[in-house]
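Structure record follows, encoded as structure tokens.
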Amino acid sequence: MSSTEDKKMEAIVLHAVGDLRYEQVPVPDVEPGKVRVRIGFCGVCGSDIPRCFSKGTYHFPTICGHEFAGTVEACGDGVQKFQPGDRVAVFPLLWKDDHAACEQGKYAQSDGYDYLGSRSDGGFTEFVIAPERNLIRVPDNVSLEEAAMTEPAAVALHAVRRANVRLGDSVAVFGLGPIGLMVAQWLKASGAGPVLLFDIQPEKLEIARKLGFENTFDSRSCDVNEVVKQHTDGHGVHVAIEAAGVPPTMLAAIEVVRRSGRVVLLGNPAADVTLPAALISQAMRREIDMLGVWNSDFSVYSDDDDWRTVLAAMSSGILNLKPLITHRVPLVDGIAALEMMHQQSEFFTKVLIHPQSK
């Protein structure tokens with residue numbers, strides 16, 4: 001075991017709901033089978049905001065942040081596949097191998113797991129400890145900024161795969177935050193079309209247009225049902241993906257899907273949703289499928305999973321995530337950035353927090 005003795009690192013530590021402190025904490029020791037990763041960039045997930053300011057987390061104090069990539073700084077005994085200097089992305093879910101889902105490689109469906117950034121310390125700091133098996137190598141031509149978005153991009157891909165999107169399927173996406181914009185790119189890569197994108201923020205619609213999407217609509221100034229009918233010969237879309245997590249878009253997603261269509265629930269719910277009896281009846285008569293998504297597939301032994309597909313798509317240029325980055329924030333200014341997101345005092349899409357170079 002490698003000891004850091006009295007070495008300290010900077011971190012944003014959540015001590016209680018709304019109590020974020022920028023402070024020094026001990027650099028974590030490296031245990032056998034694990035590595036210490038020097039954080040390059042850590043993305044702020046939409047779930048981090050309620051975790052910090054309203055709902056709290058599983059225990060205090062906690063260092064949040066689960067979307068990160070960096071460089072291997074030290075390896076514990078028994079680590080064989082990585083060495084210091086390797087650039088890596090980190091799958092944040094820590095499974096225990098004692099659940100039937102783990103035998104199938106469905107780690108996100110297991111019980112009793114740990115999680116970097118919510119149940120254990122995560123990436124709003126300088127160093128993170130992670131098991132060797134949770135690491136995946138970043139291609140040479142992919143920046144650590146892009147690699148820090150592997151986790152949300154993998155979730156977006158998982159949603160498209162769960163929906164079984166086929167060539168030529170019509171799809172409506174509600175909510176163009178980072179996940180929604182990533183979903184849109186995966187849909188294009190899958191050959192879906194038309195892809196109809198809905199949001200209420202002009203800036204997000206503009207980012208979508210810059211990414212090459214023409215069918216972008218402000219939900220406040222259009223009749224969503226009519227827009228969908230116009231682009232689907234009145235049938236409705238094959239797939240509706242709800243990526244905003246608010247009641248109006250959840251209702252809209254159910255309303256616009258065609259007979260035998262699929263609705264994907266992807267956005268973290270911000271409030272309770274009441275389904276009108278008439279809408280439930282329509283959903284029953286149309287025999288729609290409703291699919292939930294909360295994480296992604298990651299494999300220790302296979303070379304074909306959501307995470308590897310994401311990094312390969314970044315490397316080949318299929319997935320273009322840099323236009324989604326609106327803020328690159330030094331760790332010392334991270335609390336102000338989190339408060340900005342909580343208060344929505346300025347426009348943002350993907351916010352990346354990074355330690356100062358030393």
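Looking at Val310, Ala337, Leu291, which one has the Cα that reaches farthest to the positive end of the dipole of region 290-357 (charges on Cβ: Lys, Arg +1; Asp, Glu -1)? The residue sitting farthest along the positive end of the dipole is Ala337.
Other residues whose C-beta falls under 9 angstrom from the C-beta of His238 contribute a net charge of +2, scoring Lys and Arg +1 and Asp and Glu -1. Using the 1.4 Å probe convention, the accessible area of the chain works out to 45 Å² per residue with neighbouring protein chains retained. The aspartates and glutamates within cross-link reach of Lys8, meaning a Cα-to-Cα straight distance under 14 Å and a gap of 8 or more places when in the same chain, are Glu23, Asp29, Glu126. Sites listed here are trypsin sites (Lys or Arg not before Pro) in region 7-68 whose DSSP assignment is loop and whose Cβ has at most 16 other Cβ atoms within 10 Å: Lys7, Lys55. Positive contributions from Lys and Arg (+1) and negative ones from Asp and Glu (-1), summed over other residues with Cβ under 13 Å from the Cβ of Gln83, come out at +1. Magnitude of the charge dipole for region 20-72, about its Cα centre and with charges confined to Cβ atoms of Lys, Arg (+1) and Asp, Glu (-1), is about 60 debye. Placing R0 at 30 angstrom, the Cβ-Cβ distance between Asp218 and Ser260 gives a FRET efficiency of 0.55 after rounding to 0.05. For region 5-71, applying the loop criterion from DSSP together with a ceiling of 12 other beta carbons within 10 Å to the GluC sites (Glu not before Pro) yields Glu5.
Here the chain exposes an accessible surface that is 47 percent carbon and sulfur, computed with a 1.4 Å probe and the other protein chains kept in place. For the chain, the share of DSSP beta bridges that are antiparallel, to the nearest 5, is 55%. When you filter the GluC sites (Glu not before Pro) in region 133-221 for DSSP loop state and at most 12 other Cβ atoms inside 10 Å of their Cβ, you are left with Glu214. The largest-to-smallest principal axis extents of the Cα set in the chain are 67, 43, 37 Å.
Report note on the peptides 167-178, 217-228: ranked by the mean count of other C-beta atoms within 10 Å, highest first, their order is 167-178, 217-228. Under 18 Å of direct C-alpha separation, and excluding same-chain neighbours fewer than eight residues apart, Lys81 reaches these lysines: Lys34.
The values are calculated or read from the model by the stated rules, or taken from the named source; none is laboratory data. Bear in mind the structure is a predicted one, so any value in this text is a computation, not a measurement. Methodologically, a virtual Cβ is constructed for each residue, glycine included, from the backbone with ideal geometry; neighbour enumeration extends over all protein chains shown. Surface areas here come from the heavy atoms of the whole protein model, side chains and all, with no ligands, DNA or RNA. Shrake-Rupley method; radii C 1.70, N 1.55, O 1.52, S 1.80 Å.
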